[in-house]
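This report refers to the structure that appears directly beneath it.
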Amino acid sequence: MINQFSLKVGVRYLFTGASGFSKLVNTVSVVGLALGIILLIVVSSVHNGLADERRNMLLRVVPHAFLTAGADSSLRIEAIRAMDEVTSIRREFRGMAIVAGRAAAPVVLDLIGVDLAIGSVVPADFVEGSTFNETMQHGIALPQYLANRLGHRLGDAIDLTFVVPTPSGLTSTSASFQLTGLFKFVTEVDAITAFVGLAALQERRLLSTGKVGWNISVAEPFEVEALLADQPDVSTWIDTHGEAFRAYQLERTVMYLLMTLVLMLASFNIIAGQAMLINVKRADIAILATLGASRRQLLSAFAIQGGVITAVGIGVGLVLGLTIANNINVIFDTIDGALGIAILEQTAFTELPARVALFDVVGAVLIALVLGGFALVKPLRLALLESPAYVLNRLS
């Protein structure tokens, strides 16, 4: 407990006892600590939002699970469809093809054949043309940026080259489709993805160039492996794109470590400020110790001064950091309007996502408290180790 003596001494040193330079250092310490917390909260919140959005976009594009089974596996398919956790199941073709370009080199595409006869939903945001239907059996949909890069326009004939396995080896065959839709890509996965009709591939005998199976979507993608563990011939998104998700997690960890180092750097100003104040007050400490003040009382007195600096820096950082994180899009819109630019124009995002995580906020506060406590205790302990008589004699 802080007694009345420690409280009075601490308050006096906080408001009137420091030199002008010490006050400047303390002010800089508060500002630096606040900026460190603001930076950690804002950057981690934006990174959390971007990671969540990229993950959700990835899970909207890739199959949660893909079952390699023929159309005759009706009983097995119906059993999976009856599961409460399964939200949809549809027949698809997944393979690869080479698309030729007028203005660029050929590109290898991930080709998805959808069953238009049963109204399969194409997981794409069309910006030109329209979604597929049965009248577009020989149509193809490409990412808008890729079509522009290759020099193709809506209505053009798109030539695809397929590799076909035969008893004598691999051969190539070509097929032409009409470009009927352009969509906006949202991840690096669908940036090279094209959609065609499953019936068109079957009609041209191209199903052997890839895999025909069932695209399974579930309510909880992270539980898909446990849900379908007893099903053979099933590959999940964790098998095919789990590395991308692990990369997002690694990015977040490294980012948080870097922001923690920035916060630690800002906290060093508190150590400098406390060391300077205690050095200036060495004579006062010696006099108070001679008059009977205990080490605990002296430590408590300076704890008030250092604690207020730390608390003010943390409080200001939390308020401003949370305010900026929760209004990041308003700030970006203001910057866009002032500069006449669109920062997110060339990205897959219409707005900058941000998600404040309680762990990040609590972590920032704990780091600042630990560093603030170290900044207070270490210099004062060194000062208290000196003999009061030696200090008074040297400073007299």
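The values are calculated or read from the model by the stated rules, or taken from the named source; none is laboratory data. Treat the numbers as computed from the prediction; the structure is a model and nothing was measured. Please note: Cβ atoms are built from the backbone with ideal geometry, for glycine as well, and neighbour counts cover all protein chains shown. In case anyone asks, the SASA skips ligands and DNA or RNA and just uses the protein heavy atoms, side chains included. Shrake-Rupley method; radii C 1.70, N 1.55, O 1.52, S 1.80 Å.
Go through (1) touching a helix residue (DSSP H, G or I) at 6+ places or on another chain (Cβ under 8 Å); (2) under 25 Å from residue 47 (Cβ atoms); (3) open to solvent by less than 50 Å² (accessible area, probe 1.4 Å); (4) modelled with pLDDT of 75 or more and name the single condition residue 309 misses.
(2)
Looking at 89, 98, 112 in this structure, which one is more than 25 Å from residue 143 (Cβ to Cβ), outside any loop (DSSP other than H, G, I, E, B) and either of a type in the set (A, V, I, L, M) or at pLDDT below 85 (or both)? Working first, answer last.
Values: 98 fails: more than 25 Å from residue 143 (Cβ to Cβ); 112 fails: more than 25 Å from residue 143 (Cβ to Cβ).
None of the other options fit; the residue is 89.
Looking at (1) hydrophobic (A, V, I, L, M, F, W, C); (2) open to solvent by less than 10 Å² (accessible area, probe 1.4 Å); (3) in a strand (DSSP E or B), can you tell me which one residue 163 breaks?
(2)
Just to be sure I understand the filter: pairs with C-beta atoms under 8 Å, separated by 6 or more residues or on different chains, first member in segment 332-353 and at pLDDT 75 or above and of a type outside the set (Phe, Trp, Tyr), second member open to solvent by 70 Å² or more (accessible area, probe 1.4 Å) and assigned to a loop (DSSP other than H, G, I, E, B). Which pairs pass?
335/343
For segment 261-291, name all the residues that are modelled with pLDDT of 70 or more, open to solvent by 50 Å² or more (accessible area, probe 1.4 Å) and more than 30 Å from residue 40 (Cα to Cα).
Listed by number, the residues that qualify are 284, 287, 290, 291.
Between a residue in segment 202-228 that is farther than 21 Å from residue 76 by Cβ and open to solvent by less than 60 Å² (accessible area, probe 1.4 Å) and any residue that is assigned to a strand (DSSP E or B) and β-branched (Val, Ile, Thr), which pairs come within a Cβ distance under 6 Å, given they are 6 or more apart or on different chains?
As it stands, the answer is 209/164, since those pairs meet every condition given.
May I ask you to say which residue of 42, 28 is at pLDDT 80 or above and either under 30 Å from residue 236 (Cβ atoms) or assigned to a helix (DSSP H, G or I) (or both)?
Values: 28 fails: at pLDDT 80 or above.
Just one listed residue meets the conditions, 42.
Is it fair to say residue 210 is touching a Lys or Arg at 6+ places or on another chain (Cβ under 6 Å) and modelled with pLDDT of 80 or more? Give the steps one after another, and end with the answer.
On the way: touching a Lys or Arg at 6+ places or on another chain (Cβ under 6 Å): yes; modelled with pLDDT of 80 or more: yes.
Judged against the criteria, residue 210 is a match.
Within segment 51-73, identify whether any single residue is part of a helix (DSSP H, G or I), over 30 Å from residue 306 (Cβ atoms), at pLDDT below 85 and among the β-branched types (Val, Ile, Thr), and answer yes or no.
First, the residues of segment 51-73 that are part of a helix (DSSP H, G or I): 51-61.
Of the ones still in play, those that are also over 30 Å from residue 306 (Cβ atoms) are 51-61.
Now narrow it down to the ones that are at pLDDT below 85: 51-61.
The next check asks that each one be among the β-branched types (Val, Ile, Thr); those that pass are 61.
Scanning segment 51-73 turns up at least one residue that is part of a helix (DSSP H, G or I), over 30 Å from residue 306 (Cβ atoms), at pLDDT below 85 and among the β-branched types (Val, Ile, Thr).
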